[in-house]
Amino acid sequence: MAAQLKANLGDVLFAVAYNEFCAPTLEASVEELVQKGATHITVTTTMFTPGGSHSEVEIPEILDHLRPQYPGVELRYAWPFDLQLVANTLAEQVKRFSV
């Protein structure tokens, strides 16, 4: 997923982060991007639907904690997802396997 997303985004600073049990953490990835000169960082998640503590609570809390550490950096969270777009993607996937 990360490799495809990076390819789709083109020539932008890009980093992967994990919420638990894996590295790098969101904190470490933000630090890496800031060290590379990022002044605007948009965080997204692969958790597309509401109801999860990671996407709804933990990631926003981490970003709230990081903002004072990087006052010159705009940290945005691209969530929640438009559920119609998610439903369209899932419908297309079902159609691919229904032929």
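The values are calculated or read from the model by the stated rules, or taken from the named source; none is laboratory data. Just so we're clear, the structure is a prediction, and the values are computed from it rather than from any experiment. Here the Cβ is made from the backbone with ideal geometry for all residues, glycine too, and neighbour counts use every protein chain on show.
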Identity of the residue in the range 74-88, without any contact (Cβ under 8 Å) to a residue 40 or more places away in the chain and aliphatic (A, V, I, L, M), that ends up nearest to Glu20 (Cα to Cα): Ala78
Selection from the range 10-25 of residues that are more than 20 Å from Val73 (Cα to Cα) and more than 13 Å from the chain's Cα centre (by Cα): Gly10, Glu20, Phe21, Cys22, Ala23
Positions within the range 76-98 being charged (D, E, K, R) and exposed (fewer than 10 other Cβ atoms within 10 Å of the Cβ), in sequence order: Asp82, Glu92, Lys95, Arg96
Among residues of the range 39-56, those that are among the hydroxyl-bearing types (Ser, Thr, Tyr) and farther than 17 Å from Thr25 by Cα, counted: 2
Options Ile41, Ile59; residue that is at pLDDT 95 or above, surrounded by 11 or more Cβ atoms within 10 Å (Cβ to Cβ), closer than 12 Å to Trp79 by Cβ and not hydroxyl-bearing (Ser, Thr, Tyr): Ile59
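Here's the yes/no breakdown for (1) at pLDDT below 95; (2) surrounded by 10 or more Cβ atoms within 10 Å (Cβ to Cβ):
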{"position": "Gly10", "(1), (2)": "yes, no"}
{"position": "Asn19", "(1), (2)": "yes, yes"}
{"position": "Pro50", "(1), (2)": "yes, yes"}
{"position": "Glu74", "(1), (2)": "no, yes"}
Tally, over the range 64-99, of residues that are aliphatic (A, V, I, L, M) and assigned to a helix (DSSP H, G or I): 8
